[in-house]
Amino acid sequence: MRKNMDIHAARWDEPFIMQLGTPGERGMFLPAVEDAIYQETGDVLDTIPASLKRETRPVLPEVSQPRVVRHFLRLSQMTMGLDLTPDISQGTCTMKYSPKINESFCKSPKMTSIHPYQDEDTVQGILKLVYNLRNILCEISGMEDFSFQPGGGSQAIYTNACIIRAYHAANGQGQQRNEIITTTYSHPVDAAAPHTAGYKIIQLLPEENGYPSVKALKSALSERTAGLMITNPEDTGIFNPHIQEFVDLVHEAGGLCAYDQANANGILGIARARDAGFDMCHFNLHKTFSSPHGCIGPGCGAVGVKEELIRFLPLPAIIFDGEKYHIDYDCPDSIGKVRSFLGNIQVVVRSYAWIMSLGADGLKRVAEIAVLNNNYLTNRIAGIKGVVLPYPDSGNRLEQTRFSWGELQEETGVNTEDVRRRIVDYGLQSYHTSHYPIIIPEPFTLEPSETFSKEDLDLYVDIFSKVSQEAYEDPKLVKTAPHRSSTEQVDVSVCDDPETWAMTWRAFQRKHQEG
Amino acid sequence: MSKNPNFVHPYIPNSASAVEQDMLQEVSESAAENLYKVIPQQLKLNRRLDLPEPFFSEYELKKHVQSILDQNKSCEEYVSFLGAGCWQHYVPAVCDEVNNRAEFLTAYWGDTYSDFGKWQAMFEYQSMMGELLDMEVVSTPTYDWSSAVSSALMMSARITGRSEALVVSTTGAERLMHMRNFCHDNMEIKLLQCHPNTGLIDLEDLQTKVSSNTAAVYFENPGFLGFMESQGSQIAEIAHAVGSLIVVGVDPSSLGIMAPPITYGADIVCGDAQPFGNHMNYGGGVCGFIATRDEERFVAEYPTILISIAAGKTEKEWGFGQCTHDRTSYVRRDLSPDFIGTSQWLCAITAAVYLSLMGPAGMVELGEGIMQRCAYAMKKISGIEGAVIPLMATPHFKEFVVDFNASGKMVAEINKKLLNKGIFGGKDLSKDFPELGQSALYCVTEIHTKDDIDNLVKALEEVLA
C-alpha cells in the first residue's frame, strides 16, 4: 500500500504577483457611477484639496482574472494546511479537523453580511449563538461569564492582565500590586502581555520535575503580587500537580489567578479552571474548539471570569432578558475595548457548532483520545534513536509532549532545525521546536489531537525513525534539506540585516535588484 | 448513543474501540481515563458536563445552527448605510474562492519550507499595501485598526523616549477607549480640538499642546466622521518641530485617489484592510496594519511579525523569513513592551487577492466611485427638511454626519422607522459625540446605487415629516 512518504510538494516556480500581467490588464470591474449622479455633483475629484490628491497611481499589478486565480491557487498548493497532512507537528497549537459543515455557516450571508452596529432586533440570531456559547463555556470552565472580544490567545491574556489591573485599582491596591508571576514554561505572552499592561514580571523556573516548586512560588509572593498567569499542563505537556496549592497561596497573598487554557484539549470535561480556584481563564476557540487557524487567524481568545470580575470585562456585554438579547454598553467598571466591535464572531459560530456536534460525552471523548494519542505517540517517538524524553519521571504527559534531539545532535551533528526541514520532504508540516527560552536542548514539541488516527501516528513515527536513520547514515542529506519542498534552503540572516531585509517588493528592488 | 461514553464519532478516528484497545496496550493502560492519574483526584470533575444535547447528524446540526443564524437580517436583505470602522464593500468571488481554500484556511505557523505559498501571499500583501501607502515596511496584521494605532502610539513613545500623545478629538469613541486602555499609565492621551465648522484640527490648539513631551500626534484621513483633514503638512511641521512623530490612520480604500499620508509628513501609518475583499462578518473581517519607512529605529519597535525575503542559493531563488524575530514577544517575554499572536492573516491574504484584481485602475475607480456617490448622498440629504450636513463645505470620503437636531427627532427613533422601510440608517452618534446632539454617521460605498440613495432620501423625508 502507498504510504504518503514518497512525495514532492507542489513547486510552481511562480513569480510574484507584481511581476505578472501587462499594462492595461485588469481583474475586476466595479459598478460604474450613474450619469445622473455626475450631473448632480460634477466631478468630485476636483474638490479634493491639492495637498490630499494622489499624484501618481499606485504601482499595483495589472493582471487578468484567470491569472490572479491561477496565481493564488498555486500559492495555496504550496501551503501545507491541516486538511492535507496529519499536522501533529505544531505542538501547543492544537491542530485539529475543522468540520466543513461549520464553514457553510460562515459563508452564509446571515453571517458575512451583518454589520456590528445593526439594530439588535436584526441580529437576534447571532446574539443567541454568542450567548449560547457563553453558557456552554461557563459550564466547561466553571466560570460565570465570558467575553469573545479578544481576537486571539495573546489578546485574551492581555485582557486578563487588564482585568487584574482594574480589580486591584478598584480595591485601592493598584499602585502597590505591581507584579505578575508566571512560569518559564507558560506561553511567552503570559509574561509579555502583563508586562505591556505595566507589570513587573517574575518567571518561575522549572525544577527537576519540569515545573516550579511551591517553595519557589512562596519566595516570589509578596504584598506586591497582583496575580498569577499560568499554563497547565505547561508547554512540555507535564501537569503541575501542585496547581491547587499555587492558586491558594496566590489568593492568600491577595493576588488573582488567571489560567491560560489556550489549549484545553486534554482536559475537556475532566477538570475545570474554577474548580481549581482560578478566578479567570481563557480558551482559544481556534485551538481546542476547532475553528480553523486561517494561516494565523482570525481566531478568538474567549475570556472567562468569576462573578466578582464580570464588571471588568470588555464592553459591550451581551445580555438576555428571557425574551430578547441585548447589547449593553452600560458597563461603568469595564476595562473598555481591547478590540473593535464584538470580536471575530464567525469563530464563535464555528465553535458553537463544533460543540453541538459532540455534546458532553463527545467533548470528554475528545480529551481522552487526544491524551491517549499523545501517550501512544510519546512512547513510540521516545523510542527513536537520538530522541530523549526530558523529565522522564514526571508521569505521563497530557495532550502534548516536548522532546529533545540533543542526543542526535551530539552523535551526528544534525540538529532540530535540520530535522524540522527534512520532515517536510516526507509531507509533514514543519514542527514547533519550543517557545523561548530554549531550556531543553534541540527541542521539538508534538501534539496529536483527537483528529489523527493510529495510522497517522504510525506514519509520523515511521518518518521520524527514517530521518533519524538518515542522520546517522548520511547527515548531510538532512542538513541540506529540504529537497522535495516548494523551495530550497534559504539564508534567513538576510532578514536581520537592515542592508538586506526587504518587507516589500519596492524595498527588495531597491536593495537587491538596482544597478 | 449519546449516553454511551465510548461512542464512535466521525471527527475522532481512534474512538473506534478496537484501535483504542491497541493503543492502550502500547501505553500499558486498561482505560484512557487512567492517563489522568497525573491530575489530583480533588481537581477532577466527577460528573458529566451539563451541556445541551448534541446533534450527531450533520443534517440536524445544519438545521439547528442555520435556523438560529436565519433570525438575522443581513445587509443583503436591507440597504445599509452603516460604516464607522466596518464597511460594506463588494467582495469579489475570487476573494471568497481563495479565502475558502482549505490549504490556507487550515494552515497555521508553518515556515517557508512547508507553507511557502502562505509566506509569498503575505509578502505580496505587504508589498501591495506598501505601494498604496508609498512605504517600504508594512506589518503582518494587527488585530484591527485600534490595535494598530495603540501599538503605533507606544512605538512612538519608545522611539522618542516621551510619554504623551495628542489625538484628534473626532477619533471614534471605541478606538479612543482602546488607546486609553492600552497606553494606560505608559502614555497620556490628550485630545486635540477641531473647528466646529470644518472639522479640521485647530492648529492653535495643536501649537499650544505640543511640547517636548509629545511623542506622537495622531489624526485620521479621512477622519472617523468622514471628512478630509487637509492640513496634514502644517500639522506635521508643528509636530516635527518639537521632535514628535506623526501617526496617521487611513482608510486604504481612499488611496486610489487620496495622497498617501507619507506625502504630508506621516511617520507611522495605521489602518484597516477590511475593505479589501473581507466580509463584514459582524465586525470579524477587520485586518489592522502598521506601516513606516524602512528605518531601523522604526523596524526595531514593531510588535508584529514582519515577513522579509530571504536569499536562496542562487540569485533566482528566494524564500521568506521573519525580520528580526528577536524583537517580538515570543523572544522578549517579560521585557516585551507589546505582544503579538494569532491575528488576522487570512484577511490579509484576501486583501492581497483583492488588490491584485483591482490593480491601479480599479483602485482609482473605487475611490472615485465612493466619493462621487457620497457627495451625491450628502447633497440630496442636505435638501431634506430637518436634516443638516454640518460639514458640507469640507470634502468627504465614504462617510458623513447627518445632523437631525432641527427635526426634533431622536436618531434612535428615526432609525427604527427606517428599519420598517428596509433601511439600516447611519450609526447613532448621540452617545459618543454628545456635542453633536442627535446626529448619525452615514456610509456610502461603491455598492450603493442612485436608487438606493434616492430611496433613503425619500424614506428620510417621510420619517422626518
Residues satisfying the stated conditions in the range A:73-90, i.e. of a type outside the set (S, T, N, Q), part of a loop (DSSP other than H, G, I, E, B), touching a residue at least 60 places away in the same chain (Cβ under 8 Å) and closer than 21 Å to A:Ser351 by Cβ: A:Asp87
Scan of the range A:21-72 for residues that are within 39 Å of the chain's Cα centre (by Cα), crowded, with 16+ Cβ neighbours inside 10 Å and hydrophobic (A, V, I, L, M, F, W, C), ordered by number: A:Met28, A:Leu30, A:Val59, A:Leu60, A:Val63, A:Val68, A:Val69, A:Phe72
Candidates B:Phe104, B:Phe55 - the one that is aromatic (Phe, Trp, Tyr), at the interface with chain A (Cβ under 7 Å from one of its Cβ atoms), buried (at least 17 other Cβ atoms within 10 Å of the Cβ) and without any contact (Cβ under 8 Å) to a residue 60 or more places away in the chain: B:Phe55
Among residues of the range A:414-425, those that are within 11 Å of chain B (Cβ to nearest Cβ) and touching a helix residue (DSSP H, G or I) at 6+ places or on another chain (Cβ under 7 Å), counted: 2
Qualifying residue in the range A:388-404 (condition: in a strand (DSSP E or B), touching a residue at least 40 places away in the same chain (Cβ under 8 Å) and within 20 Å of the chain's Cα centre (by Cα)): yes
Some residue of the range B:322-337 being assigned to a strand (DSSP E or B) and more than 7 Å from every other protein chain (Cβ to nearest Cβ): no
Residue tally, condition among the β-branched types (Val, Ile, Thr) and within 22 Å of A:Lys454 (Cα to Cα), over the range A:78-119: 4
Evaluation of A:Ala370 against (1) in a helix (DSSP H, G or I); (2) outside the structural domain of A:Pro443 (by TED's automatic domain parsing) (one fails), failing number: (2)
Residue check for A:Met143: within 19 Å of A:Gly297 (Cα to Cα), outside the structural domain of A:Tyr426 (by TED's automatic domain parsing) and aliphatic (A, V, I, L, M): no
Residue within the range B:142-150 that is under 16 Å from the mean Cα position of the chain (by Cα), among the hydrophobic types (A, V, I, L, M, F, W, C) and more than 10 Å from chain A (Cβ to nearest Cβ) present: yes
Qualifying residue in the range A:496-515 (condition: more than 9 Å from chain B (Cβ to nearest Cβ), small (Gly, Ala, Ser) and in contact with a Gly (Cβ under 7 Å, 6 or more places away or on another chain)): no
Test: residue in the range A:113-129 that is of a type outside the set (A, V, I, L, M, F, W, C), surrounded by fewer than 22 Cβ atoms within 10 Å (Cβ to Cβ), without any contact (Cβ under 8 Å) to a residue 12 or more places away in the chain and touching a Ser or Thr at 6+ places or on another chain (Cβ under 7 Å): yes
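Residue by residue, here is whether (1) within 7 Å of another protein chain (Cβ to nearest Cβ); (2) under 24 Å from A:Phe289 (Cα atoms); (3) at pLDDT 95 or above; (4) surrounded by 18 or more Cβ atoms within 10 Å (Cβ to Cβ) holds:
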site: A:Pro314; (1), (2), (3), (4): no, yes, yes, yes
site: A:Ile319; (1), (2), (3), (4): no, yes, yes, no
site: A:Glu323; (1), (2), (3), (4): no, no, yes, no
site: A:Asp328; (1), (2), (3), (4): no, no, yes, no
site: A:Pro332; (1), (2), (3), (4): no, no, yes, no
site: A:Ser340; (1), (2), (3), (4): yes, yes, yes, yes
site: A:Val348; (1), (2), (3), (4): no, yes, yes, yes
Any hit, the range A:92-110, residues being over 22 Å from B:Ala107 (Cα atoms) and assigned to a loop (DSSP other than H, G, I, E, B): yes
Residues located in the range A:427-473, provided they are in contact with a Phe, Trp or Tyr (Cβ under 9 Å, 6 or more places away or on another chain), hydroxyl-bearing (Ser, Thr, Tyr), more than 9 Å from chain B (Cβ to nearest Cβ) and more than 30 Å from A:Trp354 (Cα to Cα): A:Ser468
Number of positions in the range B:20-33 that are loosely packed, with under 15 Cβ neighbours inside 10 Å and either in contact with an Asp or Glu (Cβ under 7 Å, 6 or more places away or on another chain) or in a helix (DSSP H, G or I) (or both): 3
Any hit, the range B:263-276, residues being outside any loop (DSSP other than H, G, I, E, B), under 29 Å from A:Arg57 (Cβ atoms) and acidic (Asp, Glu): yes
Search result, residues across the range B:62-89 that are more than 7 Å from chain A (Cβ to nearest Cβ) and either in contact with a Phe, Trp or Tyr (Cβ under 7 Å, 6 or more places away or on another chain) or farther than 11 Å from A:His115 by Cα (or both): B:Lys63, B:Ser67, B:Glu77, B:Tyr78, B:Val79, B:Phe81, B:His89
Within the range B:92-195, helices (runs of 4 or more DSSP H) holding 2 or more residues that are polar (S, T, N, Q): B:116-133, B:145-160
Every residue from the range B:98-122 that is farther than 20 Å from A:Asn344 by Cα and touching a Phe, Trp or Tyr at 6+ places or on another chain (Cβ under 6 Å): B:Thr112, B:Trp119
Any hit, the range B:137-156, residues being farther than 28 Å from A:Ala156 by Cα, out of contact with any Cys (no Cβ under 9 Å at 6 or more places or on another chain) and modelled with pLDDT of 95 or more: no
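Rundown of residues vs (1) surrounded by fewer than 24 Cβ atoms within 10 Å (Cβ to Cβ); (2) free of Cβ contacts under 8 Å to residues at least 60 places away in the same chain; (3) among the small types (Gly, Ala, Ser); (4) more than 11 Å from chain B (Cβ to nearest Cβ), yes/no style:
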position: A:Arg274; (1), (2), (3), (4): yes, no, no, no
position: A:Asn284; (1), (2), (3), (4): no, no, no, no
position: A:Pro298; (1), (2), (3), (4): no, no, no, no
position: A:Val305; (1), (2), (3), (4): no, no, no, yes
Given (1) modelled with pLDDT of 95 or more; (2) buried (at least 24 other Cβ atoms within 10 Å of the Cβ), index of the condition A:Gln244 fails: (2)
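Matching residues to (1) among the acidic types (Asp, Glu); (2) at the interface with another protein chain (Cβ under 7 Å from one of its Cβ atoms):
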| residue | (1), (2) |
| --- | --- |
| A:Glu34 | yes, yes |
| A:Ile37 | no, yes |
| A:Glu40 | yes, yes |
| A:Pro58 | no, yes |
| A:Ser64 | no, no |
Flag if B:Met258 is under 17 Å from B:Leu366 (Cβ atoms), touching a Ser or Thr at 6+ places or on another chain (Cβ under 8 Å) and not assigned by TED's automatic domain parsing to the domain that holds B:Val444: no
Those residues of the range B:67-84 which are crowded, with 17+ Cβ neighbours inside 10 Å, out of contact with any Gly (no Cβ under 7 Å at 6 or more places or on another chain) and without any contact (Cβ under 8 Å) to a residue 12 or more places away in the chain, in sequence order: B:Lys73, B:Ser74
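The values are calculated or read from the model by the stated rules, or taken from the named source; none is laboratory data. All values derive from a computational prediction rather than experimental measurement. Neighbour counts are summed over all protein chains in view; Cβ atoms, including those assigned to glycine, are modelled from backbone coordinates with ideal geometry.
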